[in-house]
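Once you've had a glance at the structure underneath, I'll fire off some questions.
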Amino acid sequence: MDFRWDVILNNLPLLFRGVSLTFQLTVIAVGIGTIIGLVFALMRVSHFRPLVWLAKGYIDFLRGTPLLVQISLVHYAAPQFVSQLLGRQTNWPALISAIIALSLNSGAYIAEIFRGGIQSIERGQMEAARSLGMTYGQAMRYIILPQAFRRSIPPLGNEFIAMLKDSSLVSVIALHELMMAGRVIAGRTFRPLEVYMAVAILYLLMTMTISQFVSYMERRLGKSDQSD
Amino acid sequence: MIRVTNLKKNFGRLEVLRGISCQVEEQEVVVVIGPSGSGKSTFLRCLNQLEAATEGQIYINGVNITDPRTNINKVREEVGMVFQRFNLFPHKTALQNVALAPIKVKKIPPPQAEEMAMKLLTRVGLEDKAHQYPDKLSGGQQQRVAIARALAMHPKIMLFDEPTSSLDPEMVGEVLEVIRDLAREGMTMVVVTHEMGFAREVGDRVLFMDEGLIVEEGPPQELFSSPKNKRTQAFLSKIL
Ligand SMILES: Nc1ncnc2c1ncn2[C@@H]1O[C@H](COP(=O)(O)OP(=O)(O)OP(=O)(O)O)[C@@H](O)[C@H]1O
Ligand SMILES: [Mg+2]
């Protein structure tokens, strides 16, 4: 059996462009997702029922439906809806759809991560802060969230890795991230074995690098567990 | 200074406080004793509205704190609280623990707040631990930082909920010493404690609580040596 290294080597620039886009998409999605997640986590732990329900609805919907369906909703269904609303043809590029869909999705998972982090802080912390005259917001900002963030780092690392892999799904809307690059090259060269092996290894290299980085961060924060 | 009238507190169907009325005068030290589950902590936590009262009124310096229109954060600045489990902020140093609320709540400039925090830590004998994190401190040291933290807001009233109950015996003394000093300086205090010797020594008045009611009250000598109520007698005979 022959393994055509040249197929991989000849297409390295294309593959690397895919790696770059995959990585950028993931960073942006998890970045925006962190902000969305923080907002929904705060709503979820608030004592105002309508906010709690809204947050629950958002989180349940995005965690309970396939990402592939969400991507299709954003890229195909939403433009049609907006077009009818505005009465004229509206579209947006696949890149925008991908960022929106991935951010909304990771926002839901990150909201649950932060909620877990916030709820793992013992009740006495909030009470001590409030007993000193701090408002709920001040207590959250200065006392609860800094501790909750620290505890959220390992699961956030996992979410980053999950998002990196799941971002391969945006290849269905023809965005040239790593998976799409693989499909294009495989189609052109008729060498799926070499191409998809290379794609898999590139994903693996990325996820391994990230998990190394996360455990390094954990160790650093673990050592000086209290420092700011 | 504190006036409580017919205070009731329910947790769901459980009636924990069933009509408490009492008064605490300025500079008075009131000690609250009673069996476990009698509602001592709940009573104390109602006094700064960590628990909302179900019924009844609580006036602090003439302000009705059970009125929903009262700015409870302002009231809490005047009422310091010390917890059984310290509840120091683990991500802040001792000094930061003490200086944080003055900086964020009272908007005191950080250098000034830290200077004051340092003075307070010195006062509780912990100036050399100012830059340590709570998990590097012993229980007794943590509780002294917690007292300094509460004092940093310059409260007019201090509430203590079993401040020595989670301490190893050899550390109880150092914490009681700090509270004793406060009493001597004339701080108004409500102290829940199982330390009867301490209650006798610093208490101006003792309240005995059982099943959500103040069953008996009086000066410590009287209440400890000749309790009138049967339940007080039973309780005291068990612990003295
Ligand atoms: N948040 C709460 N929800 C439900 N029940 C509660 C709550 N807090 C206290 N209780 C109940 O109220 C009763 C009185 O509790 P409290 O902590 O005030 O007693 P205590 O006198 O302080 O007892 P201890 O000496 O053990 O500290 C107990 O039966 C307790 O289980
Ligand atoms: Mg108690």
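The values are calculated or read from the model by the stated rules, or taken from the named source; none is laboratory data. Keep in mind that this is a model prediction, so the values were computed, not measured. Cβ placement follows ideal geometry from the backbone for every residue including glycine, while neighbour counts extend to all protein chains displayed. Surface areas here come from the heavy atoms of the whole protein model, side chains and all, with no ligands, DNA or RNA. Shrake-Rupley method; radii C 1.70, N 1.55, O 1.52, S 1.80 Å.
Considering only residues that are in contact (Cβ under 8 Å) with a residue 24 or more places away in the chain and outside any helix (DSSP H, G or I), look in the range B:216-240 and name the one that is least open to solvent (accessible area, probe 1.4 Å).
B:Glu217
Still on this structure, I have one more. Among the listed residues A:Gly137, A:Gly116, A:Gly124, identify the single one that is at pLDDT 95 or above, out of contact with any strand residue (DSSP E or B) (no Cβ under 8 Å at 6 or more places or on another chain) and within 8 Å of chain B (Cβ to nearest Cβ). Write out each step before concluding.
Numbers: A:Gly137 fails: within 8 Å of chain B (Cβ to nearest Cβ); A:Gly116 fails: within 8 Å of chain B (Cβ to nearest Cβ).
Being at pLDDT 95 or above, out of contact with any strand residue (DSSP E or B) (no Cβ under 8 Å at 6 or more places or on another chain) and within 8 Å of chain B (Cβ to nearest Cβ) holds for just one of A:Gly137, A:Gly116, A:Gly124, which is A:Gly124.
Considering only residues that are over 16 Å from B:Val191 (Cβ atoms) and part of a strand (DSSP E or B), look in the range B:24-58 and name the one that is farthest from ligand 1 (Cβ to nearest atom).
Per the stated criteria, the residue is B:Gln57.
Let me ask something else about it. Go through B:Val192, B:Val202, B:Val175 for me and flag whichever is free of Cβ contacts under 8 Å to residues at least 40 places away in the same chain and crowded, with 19+ Cβ neighbours inside 10 Å.
Being free of Cβ contacts under 8 Å to residues at least 40 places away in the same chain and crowded, with 19+ Cβ neighbours inside 10 Å holds for just one of B:Val192, B:Val202, B:Val175, which is B:Val175.
Please determine, by comparing only the residues of the range B:59-70 that are part of a loop (DSSP other than H, G, I, E, B), surrounded by fewer than 16 Cβ atoms within 10 Å (Cβ to Cβ) and of a type outside the set (S, T, N, Q), which one is nearest to the other protein chains (Cβ to nearest Cβ).
If we take residues in the range B:59-70 being part of a loop (DSSP other than H, G, I, E, B), surrounded by fewer than 16 Cβ atoms within 10 Å (Cβ to Cβ) and of a type outside the set (S, T, N, Q), then B:Pro68 is nearest to the other protein chains (Cβ to nearest Cβ).
Can you tell me which residues in the range A:71-109 are open to solvent by less than 40 Å² (accessible area, probe 1.4 Å), within 19 Å of A:Thr22 (Cα to Cα) and of a type in the set (A, V, I, L, M)?
Across the range A:71-109, the qualifying residues are A:Ile71, A:Val74, A:Ala94, A:Ala98, A:Ile99, A:Ala101, A:Leu102.
May I ask you to list the residues in the range B:100-129 that are more than 11 Å from every other protein chain (Cβ to nearest Cβ), more than 21 Å from B:Gly173 (Cα to Cα) and touching a residue at least 12 places away in the same chain (Cβ under 8 Å)?
B:Ala113, B:Glu114, B:Met116, B:Ala117, B:Met118
Pairs under 9 Å by beta carbon, first residue open to solvent by 40 Å² or more (accessible area, probe 1.4 Å) in the range A:154-177, partner assigned to a loop (DSSP other than H, G, I, E, B), six or more apart or different chains?
A:Leu169/A:Pro66
Name the single residue that is farthest from B:Val191 (Cα to Cα) among those in the range B:71-88 being hydrophobic (A, V, I, L, M, F, W, C) and either at the interface with chain A (Cβ under 7 Å from one of its Cβ atoms) or assigned to a loop (DSSP other than H, G, I, E, B) (or both).
Top of the filtered list is B:Leu88.
Given the options B:Pro110, B:Pro68, name the one that is more than 30 Å from A:Arg151 (Cα to Cα) and over 19 Å from the mean Cα position of the chain (by Cα).
B:Pro68
Keeping to the range B:166-195, report how many residues are within 16 Å of ligand 2 (Cβ to nearest atom), more than 14 Å from chain A (Cβ to nearest Cβ) and either in contact with a Lys or Arg (Cβ under 8 Å, 6 or more places away or on another chain) or not in a strand (DSSP E or B) (or both).
5
Give the residues of the range B:31-58 that are more than 13 Å from chain A (Cβ to nearest Cβ), within 16 Å of ligand 2 (Cβ to nearest atom) and either of a type in the set (D, E, K, R) or closer than 19 Å to B:Pro220 by Cβ (or both), sorted by residue number.
Answer for the range B:31-58, where residues must be more than 13 Å from chain A (Cβ to nearest Cβ), within 16 Å of ligand 2 (Cβ to nearest atom) and either of a type in the set (D, E, K, R) or closer than 19 Å to B:Pro220 by Cβ (or both): B:Val31, B:Val32, B:Ile33, B:Gly34, B:Pro35, B:Ser38, B:Lys40, B:Phe43.
Of the residues that sit in the range B:1-23 and are of a type in the set (Lys, Arg) and touching a Ser or Thr at 6+ places or on another chain (Cβ under 8 Å), which one is farthest from ligand 1 (Cβ to nearest atom)?
Across the range B:1-23, the extreme among qualifying residues is B:Lys8.
Could you run through the range B:8-30 and say how many residues are closer than 18 Å to B:Glu216 by Cα, open to solvent by less than 60 Å² (accessible area, probe 1.4 Å) and away from ligand 2 (no atom under 13 Å from the Cβ)?
Final tally of qualifying residues: 7.
Can you tell me which of (1) away from ligand 1 (no atom under 16 Å from the Cβ); (2) outside any helix (DSSP H, G or I); (3) modelled with pLDDT of 95 or more; (4) surrounded by fewer than 23 Cβ atoms within 10 Å (Cβ to Cβ) is the one B:Ile103 doesn't meet?
For B:Ile103, the exception is condition (2).
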